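Values quoted throughout were computed directly from the atomic coordinates according to the rules given, and no laboratory measurement underlies them. Everything quoted here is computed from the prediction, not taken from an experiment. Cβ placement follows ideal geometry from the backbone for every residue including glycine, while neighbour counts extend to all protein chains displayed.
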Amino acid sequence: MSIKGFTGDFAVLGQSRIFVSLLQVACDDLALNGLLGFIKSFSVDYFCKMCYATQADIQHKFYETDFELRTVAKHSKDRACISDKVNHSCGVKNDCILNKIPGYHVTRNFSLDIMHIVLEGIIPVELSCIIYYLCNMHRTVSLAKLNVRMQTFWGIVNVEKCNKPPDLNPMDKPGHVFPSMKAVQSWALETPYATTK
């Protein structure tokens, strides 16, 4: 298919022919899965739009090379398995109209939702492991002292009250920070100097 582009008069470029293409679509992961034709549940197998990860896989595999990546050919095969009786195949629910754009395919859409994956997913888990180790195993600092230091710091920094990280509750095991934090609170806790006004 030949791409013709469009011609126009532009302030800096003058008269030029412009070519555009869709490279990535970025948004909330739930919305993105729906838009790209994948299942919209992350608690089932084959939830990832980039690979064929299962719930068991994500508990012990940590590298991209450990996972079977989706391809255009595999995506077409998965779509062919969908019928009146089977509403999805390996996480694929339907075709995406964006696949008709030359050079774009949903299997090559590598945009991730940093708010849910990192700030509300990875950081709380990793942070809880560090805090659990420092407070319960190594006993470098007590949780009470850590909370006092956090409140002292956040009392000085000019940040909206709802964005300040809350006092942390004792943890009986690593893996979860209590109470859970919104993405903006997690970001504020991880990067305090970036949130100052």
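Which of S180, S128, S186 comes first, and how do the rest follow, when ranked by fewest Cβ neighbours within 10 Å?
Lowest count first: S180, S128, S186.
Can you pull out the trypsin sites (Lys or Arg not before Pro) in the range 11-85 that DSSP calls coil and that have at most 11 other Cβ atoms within 10 Å?
Qualifying residues, ordered by number: K85.
Go ahead and run the numbers for FRET between Y104 and K182, Cβ-Cβ distance against an R0 of 30 Å, rounding to 0.05.
0.35
Suppose R0 equals 30 Å; then what is the FRET efficiency for L30 and D84 from their Cβ-Cβ distance, rounded to the nearest 0.05?
It comes out at approximately 0.75.
Between the range 1-42 and the range 159-185, how far is it from one alpha carbon centroid to the other, in angstrom?
Each part's Cα centre sits 37 Å from the other's.
Across every pair of different alpha-carbon atoms, what Kirkwood hydrodynamic radius in Å does the chain reach?
Averaging 1/r across every pair of different Cα atoms and inverting gives 20.6 Å.
For n ≥ 4 DSSP H runs only, could you compute -39500 (n - 2.57) per run for the chain, divide by its residues and tell me the 222 nm figure to the nearest 500?
-7500 deg cm²/dmol
What number, in percent, do you get for the relative contact order of the range 29-108 if the mean sequence gap of Cα pairs under 8 Å and at least 6 apart is divided by its residue count?
So the answer I get is 31 percent.
Roughly how many debye, to the nearest 20, is the charge dipole of the range 29-108 about its Cα centre, given +1 on each Lys and Arg Cβ, -1 on each Asp and Glu Cβ, and no other charges?
Using only the charged Cβ atoms, the result is roughly 300 debye.
Once the Cβ-Cβ distance between Q151 and M115 is put in as r, and R0 is 41 Å, what FRET efficiency do you end up with, to the nearest 0.05?
Plugging the Cβ-Cβ distance into 1/(1 + (r/R0)^6) gives 0.95.
Taking a cut-off of 17 Å between Cα atoms, list the lysines near K161, but don't count ones fewer than 8 places away on the same chain.
Partners found: K182, K197.
Rg/Rh for the range 29-108 to two decimals, with Rh computed the Kirkwood way over all alpha-carbon pairs.
0.96
Over all distinct alpha-carbon pairs, what is the Kirkwood Rh of the range 114-195 in angstrom?
Computed over the range 114-195, the radius equals 13.0 Å.
Can you sort T107, T54, T152 from fewest to most other Cβ atoms within 10 Å of each residue's own Cβ?
Ranked by crowding around the Cβ, least crowded first: T152, T54, T107.
Please state the relative contact order of the range 114-195 as a whole percent: Cα pairs under 8 Å, 6+ residues apart?
This gives 39 percent for the range 114-195.
What stretch of the chain, leaving out the sites themselves, is the longest with no chymotrypsin sites (Phe, Trp or Tyr not before Pro) in a DSSP loop having at most 12 other Cβ atoms within 10 Å?
By the stated rule (loop sites, at most 12 other Cβ atoms within 10 Å), 111-197.
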